[in-house]
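Heads up, the thing below is written out as C-alpha cells.
The values are calculated or read from the model by the stated rules, or taken from the named source; none is laboratory data. Source: prediction; values computed, not measured. Neighbour counts run over all protein chains shown; Cβ positions are idealised from the backbone, glycine included. These accessible areas exclude ligands, DNA and RNA; they are computed on the full protein's heavy atoms, side chains included. Shrake-Rupley method; radii C 1.70, N 1.55, O 1.52, S 1.80 Å.
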Amino acid sequence: MNHAQLSDVQIANLTLLLTIRDGVLHDKTAACCKFALDATQADRLGAMSIQQVMAIVANVGDATLFPPRRDQIGRASCR
C-alpha cells in the first residue's frame, strides 16, 4: 500500500477544502455565506471528487490556500 506523507500545511489545506466542499453539498447558500464563495466557486468545489481535492493539495505543496485574514477580529457573522 502506498501512503503519502502530508505536511501540516497540506493537512490544513485538505481539511479546509473538504469542509468547504461538504458544506456546499449540504447547504450551498450557507456555505457561500460562511466561506465567502460565489456560486461558480461553490459549484466547482461541490462537483469535485475527493481525489480531485487531494490532487489540488498535492500540487500546491506547502503553500497555504487559506492565509490568515487581517479583518478576522471583530468580523460580523453571516447569521
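Just checking, which of THR40, THR64 is hydroxyl-bearing (Ser, Thr, Tyr) and part of a helix (DSSP H, G or I)? Break it down stepwise before answering.
Details: THR64 fails: part of a helix (DSSP H, G or I).
That would be THR40, the only listed residue that is hydroxyl-bearing (Ser, Thr, Tyr) and part of a helix (DSSP H, G or I).
Identify all residues within the range 35-79 that are among the charged types (D, E, K, R), modelled with pLDDT of 85 or more and either more than 17 Å from ILE11 (Cβ to Cβ) or open to solvent by less than 100 Å² (accessible area, probe 1.4 Å) (or both); write none if there are none.
ASP38, ASP43, ARG44
LEU25: surrounded by 12 or more Cβ atoms within 10 Å (Cβ to Cβ), without any contact (Cβ under 8 Å) to a residue 40 or more places away in the chain and part of a loop (DSSP other than H, G, I, E, B), yes or no?
So LEU25 does not fit the description; no.
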